[in-house]
Each structure stands twice: as C-alpha cells, then as structure tokens.
Amino acid sequence: MSTPEPPLLSDLAPAAGYGGGVSLRRDSRRFMRTFAGQIGITAAFLLLWLAFVVSAPETFLSGKIYSAYAATIPLFGIVAMPLTLVIVAGEIDLSFPSTMALGMVGFVLVWENTGNVPLALFVALLVGAAAGIFNGLVIVYAGVPALVATIGTLFLFRGLSLVIMGGRNATLGATTGSYAYKATVGKFLNIPAQFLWLLGFAVVMWVLLNRHRFGAAVYVLGDNAETAALQGIKTNRVRIVLFVLVGVSAAFAGVLSSLFIVSFFPSVGEGQLLPALAAVFVGGTSVFGGKGTIWGTLLGAFMIGTINAGIVASGLTGFYTQFIYGSVIIVSVSIHAQVQRRFG
Amino acid sequence: MRGVSKKFAEMQALTNVDFSLGRNEIVGLIGDNGAGKSTLIKLICGYHQPDEGQVLFDGRPVKNLTVEGARQLGVEAVYQERALADLQTLWRNIFIGRELHTRGGFLRVGAMRRETAALMRESMGFTSTAVTPESFVKTFSGGEKQGIAIVRALYFDADIVILDEPAVGLSVKETDRLIAFVRSIKAAGKSAILIDHNIFHVYEVADRVVVLDRGTVAGQFRPKNRTVGELTEIMREIAETGKSSVADDEHVDIPETAEDAL
C-alpha cells in the first residue's frame, strides 16, 4: 500500500478547531454518542462489584480474592482480546479452546525432548499460528463461514491433540525453575505474571484496533465487507491475520493454563469458550461486526471472571453460578442494545 | 477500453465493448438493469479483470489492473450505498484504505481529523456545528453521503471519478446538490462517468451519453443535440429491440490519440 501522501489541506488552512462555539450540551451529547457503550459497561461493572462488596464485604474489601482473580481471569481473558477484533471484523472463532491444547502438544513434545522451556513456548506459539492460518485458509479460500469452519476445527484440533498424545497427560513440574515459567505464571510485586500479560495483550490489541491501519481495516471489514474491498483493503489477508492472532494468543493461554497447574491435560481449554465469548459480548462488541472496544472486553472479562467466586463468597451455593452468569449477560447486552438505540 | 469482454460463470456480462472517456469529459453511461454497466466500471477500477480486450490509460494498455493500481492512475469510484462504512466516523471514512500513517503503520489520527475538518469547511459545505469529523456516517442523509464520497475522490486527486447510480434514493433537493457536485468535478478539470438507468439524472450534466444494452454498446448521443424526450424514445427502442434506428451523433469520436484515450 504505497499511495503517495497528498499534501495536507489543514497545513494550508488556518488552524481553526472544527465547529467552534459549540455548546456544552452538544459536546456532552457527542461524548455520549462516542462513549455511551463504554460508559454503560463501566457502570455495569461497578454495580456488580458494589453488589459483591455489599453482600460479602470481608471478602471483597481484602486483597486476597483479587489476587485469585488476577491469576484466573487471564486464562480466558487473553484470548478474548484478539477475539474482539475477529468479532468486530464480522467473523467468529470458536476453535481456540482446542488451539490451546494443540499448542500445548507442541510445547510438551519439544520440552520432553530438549528440556528447553523457552523453545517449547516458541513452538507452542508457532503451532497456534499454524492453526490460525489453517482456520483462515478454510474460511477465505474454501469459502466456509467462520462459524461453521471453526466448529469443525474445534473438533479437529482437539482430536489431533488427543491422537498425537495418545490421550496422555504430562507433568510439568521440572519447568518451574525456568525463567520462562517465572515470566509467564510467576509473580511480580505479588501480582501474578499472567495478569500483567492480560494487560499487555489488552494494550497491544487496543493500539492495533484503534491506532493502526490494520484495525482501521478491521472496522471497515466488519461494517461493510464490500466497501472494504472496493476501497482497496486486502480483505482476505486481514481475515487470515485475525485468525492467526487468535491462534497465537490461544496457544499462549494454553501454556499459561498448563504451567499454572504444572500439568498438561489434553482437555486444557475446555470450558474457556463461553467465558471468552461472553466477555466480548458483555463488553458491548456487536455480533454484527463494525463495532466493539477492547476496554469493554476487558471489563467484560472481569465481570464474567468474578461471578463464580463472588457468588460463593456472598453465601449463595454454587448452584446459582450459571443462573447469575445468564442474568449478567442478558442484562448487560440489553443495556448495550438500549444504549445503541438511544445514542447510536 | 478496447474490445472488452467479461463472463461470470455462464453469464456473458460484456461482449466486445469499446468505451472511451476524454479529458475533462462527463460521460453518462445508461442502460437497463443487467446491461453490464456495473461490470464495465468495475473493470475500469480494477475490481474485475477483462477476459478479453484491453483497458488503456492515456493510450497505454494496462495489464492486471488492481483497485490500488487504478487509484494510482487516478481512478476513483463512488459506489452508491457501498461507498462509505456507516458505523464508522467521518474521518475514518475519508481515509478508508489510505490512512495517513507513520512508518510502522500507526495512524496519524490528529492529522486525519484536521484534514477532515478542513474538507468539511471548504468542500462539503457543512456549516452546522453539530457535524464534526467524529460524527458517524449513518447520521448523514443519502445526498450528504454521496457528497462525502465525491469530495473524498477529489481529495485523493482523482482524474476520473466514477459515480454508480448516484441519484438513487435522493430527494429532489439532494439531486440538485449532487448535480452541483458533478459540475464541480468538471470545473476542477477532471472527468467523470455517471452510471444511471434514468436519462433524466444524466441529461443535465453529461457531455455524452453511452447506452449499454445486454453487454454491448447500443448507441452514443450528445445531450446538447437532443431533447430529453428524444433520448427517452431512443432508450425505449433500445430496451425493446437491442438497437437504435437513430444514428449515433456526429460519429461520436472514440479518441485514439495518446492524450485523451482511456
């Protein structure tokens, strides 16, 4: 993409702010239009948190539970970040729980044969990238809708992991001394490393989505794929890169999940599909594409991730978990829909 | 373009079509639905490639034209309904696929906002302070969207602006504005191709009208030599018989010289 840059009109024109003399009310309305969704999710997040603080103050006013959250939320939250971009682009990826396992197969095989943890981590990421490329090719070139294709690869990648490993587990105890272990699931200043990785993924994905040409293409692609193609965006390439981002992130999350419990199970990643998707949708990303924020997904992940322990701490039985999950999802996506109708 | 043909699966969209556009000329491309209008312009903007025949710019044949390549040759298409991304802001729409960016591909958001604000003041005629570069495109009317897309094309220094059915769904007042935009293309010394199935929208602004029917050129006429009524009659005859009993106007010149051939 080497279009010559046109001379900037605004360099020639006097630097007047646009509009000028805009009333406060209109400013606030415009602010609401731009940020309504993010304000909504932030309010919902604070409300949920307040509800937990009121019902279980001794738990939610001490640091311990936050330390637990910081260790577990990243296990699905990290994938939710690139998944947000995929959904903004109007696509979907349901295969990442199995990519988490497939990446770990690569990790285990390399580590068992070389004892080299960083190399094993690198290979896991490569396997994740390959899985993403495979998804992308099936979707772009075979023309299978992403929803269907990634249901297929959800089974395919899990099956491949089981076949290669013969269904066996692996203990990863000997990795705990390595720097790679400390950098992924160790602690910094008493903060679990995986939480810092989650924040890192959030920042990188935010920049990519909002401040990079790639993200600009992602928004247009999800908004109107034909407009994107007619305006010269290489839509196939953008799609494939998106699935690679999810694949690599999923493999990384698979490594975190396994090192965190110091064992590999071929079932790693199972149970992460719905929390990650719920985080994206609770965060206000539109299932129709063209709209969505990383901030929303981050708070969505916190909300989804706090419910389980929050319910138990509040004195309810675990039987309430799914009921409250469902309520939180329905209430928050309804709020998003209403916000869209009023300000969108 | 010379002797261009294009087939989609079993459908012959264009058969041996010659079409030309002179410098600073506004050509109306008229034809019924399915006549091949859209295919023809998609060949010119590099979205499709012809099966047979050549596309020429300044008399030179261009092979394997892409959207990007056509843009570099100064071709900008404005597609009705598909020109803009509705859920995105105005400044993002102006720069779709051509964002101002740093070397790493990072967006120069401030510069794009300032540029958009300057364009709005100077070219789009937005005076209301309620409209800013941060306004979402879906809040604009159909006519405003067309205007935005045309201004965008001229901003990126298009020599040839292609308008695909620009008047569909516009109110009378908006159509007047659209015509003013097309005149501004002519006044800027640029060329345009106006696609429509309705002669009325084209009659006022076109220097020449090319009638396409079932994938072939059925006739070429000059509005200044004809009344709207005559042209409508000719159109009807072509729609029914596939050709016109009226001879083309003044052997409408297919430019062959290097300066003005497309």
Could you grab me the full set of residues in segment A:215-237 that are within 23 Å of the chain's Cα centre (by Cα), of a type in the set (A, V, I, L, M, F, W, C) and surrounded by fewer than 22 Cβ atoms within 10 Å (Cβ to Cβ)?
A:225
Number of the exception - residue A:142 against (1) hydrophobic (A, V, I, L, M, F, W, C); (2) part of a helix (DSSP H, G or I); (3) out of contact with any helix residue (DSSP H, G or I) (no Cβ under 6 Å at 6 or more places or on another chain):
(2)
I'm trying to understand the selection: among the residues of segment B:135-150, which are buried (at least 17 other Cβ atoms within 10 Å of the Cβ) and within 11 Å of chain A (Cβ to nearest Cβ)?
B:135, B:136, B:137, B:149
All but one of (1) surrounded by fewer than 20 Cβ atoms within 10 Å (Cβ to Cβ); (2) closer than 23 Å to residue A:230 by Cα; (3) modelled with pLDDT under 80; (4) not aromatic (Phe, Trp, Tyr) hold for residue B:122, so report the exception by its number.
(2)
If we keep only residues of segment B:24-43 that are of a type in the set (D, E, K, R) and in contact with a strand residue (DSSP E or B) (Cβ under 6 Å, 6 or more places away or on another chain), then the residue surrounded by the fewest Cβ atoms within 10 Å (Cβ to Cβ) is B:25
Among (1) part of a helix (DSSP H, G or I); (2) of a type outside the set (Phe, Trp, Tyr); (3) farther than 17 Å from residue A:269 by Cα - the single one residue A:163 does not satisfy
(3)
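So which helices (runs of 4 or more DSSP H) are wholly in segment A:167-275 and hold at least 1 residues that are away from chain B (no Cβ under 14 Å) and touching a residue at least 40 places away in the same chain (Cβ under 8 Å)? Spell out the reasoning first.
Values: elements: A:179-185, A:193-211, A:213-223, A:225-230, A:235-260.
Here the list reads A:179-185, A:193-211, A:235-260.
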Taking segment B:192-207, which residues are out of contact with any Gly (no Cβ under 7 Å at 6 or more places or on another chain), more than 21 Å from residue B:34 (Cα to Cα) and buried (at least 21 other Cβ atoms within 10 Å of the Cβ)?
B:192
Given (1) touching a strand residue (DSSP E or B) at 6+ places or on another chain (Cβ under 7 Å); (2) more than 8 Å from every other protein chain (Cβ to nearest Cβ); (3) buried (at least 23 other Cβ atoms within 10 Å of the Cβ), where does residue B:77 come up short, assuming only one miss?
(2)
Can you name every residue in segment A:39-61 that is closer than 20 Å to residue A:282 by Cβ and either touching a strand residue (DSSP E or B) at 6+ places or on another chain (Cβ under 8 Å) or crowded, with 17+ Cβ neighbours inside 10 Å (or both)?
A:40, A:41, A:44, A:45, A:48, A:52, A:60
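Name the single residue that is surrounded by the most Cβ atoms within 10 Å (Cβ to Cβ) among those in segment A:276-298 being assigned to a loop (DSSP other than H, G, I, E, B) and among the small types (Gly, Ala, Ser).
It comes out as A:283.
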Condition set without any contact (Cβ under 8 Å) to a residue 12 or more places away in the chain and not in a strand (DSSP E or B), scope segment B:98-108, selection nearest to residue A:218 (Cα to Cα): answer is B:105
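Within segment A:331-343, how many residues turn out to be farther than 14 Å from residue A:278 by Cα and touching a residue at least 12 places away in the same chain (Cβ under 8 Å)? Show your work before the answer.
Applying the first criterion (farther than 14 Å from residue A:278 by Cα) to segment A:331-343 yields A:335, A:337-343.
So of that shortlist, the ones also touching a residue at least 12 places away in the same chain (Cβ under 8 Å) come out as A:335, A:339-340, A:342-343.
Of the residues in that region, 5 qualify.
In segment A:227-238, is there at least one residue being over 27 Å from residue A:327 (Cα atoms), in contact with a Gly (Cβ under 6 Å, 6 or more places away or on another chain) and at pLDDT 90 or above? Explain how you work it out, then say what you get.
So in segment A:227-238, the residues over 27 Å from residue A:327 (Cα atoms) come out as A:227-238.
Add one more test, that the residue is in contact with a Gly (Cβ under 6 Å, 6 or more places away or on another chain), and what stays is A:231-233.
Those left that are additionally at pLDDT 90 or above: none.
No, segment A:227-238 contains no residue that is over 27 Å from residue A:327 (Cα atoms), in contact with a Gly (Cβ under 6 Å, 6 or more places away or on another chain) and at pLDDT 90 or above.
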Given segment A:50-125, what helices (runs of 4 or more DSSP H) lie entirely inside it while holding 2 or more residues that are hydrophobic (A, V, I, L, M, F, W, C)?
A:64-88, A:96-114
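Considering only residues that are in contact (Cβ under 8 Å) with a residue 24 or more places away in the chain and either more than 21 Å from the chain's Cα centre (by Cα) or at positive phi (or both), which ones fall in segment A:310-330? Outline the logic, then answer.
Taking segment A:310-330 and keeping what is in contact (Cβ under 8 Å) with a residue 24 or more places away in the chain, we get A:310, A:313-315, A:325, A:328-329.
Those that are in contact (Cβ under 8 Å) with a residue 24 or more places away in the chain and either more than 21 Å from the chain's Cα centre (by Cα) or at positive phi (or both): A:310, A:313, A:314, A:315.
The values are calculated or read from the model by the stated rules, or taken from the named source; none is laboratory data. Quick caveat: nothing in here was measured; it's all calculated off a predicted structure. Please note: Cβ atoms are built from the backbone with ideal geometry, for glycine as well, and neighbour counts cover all protein chains shown.
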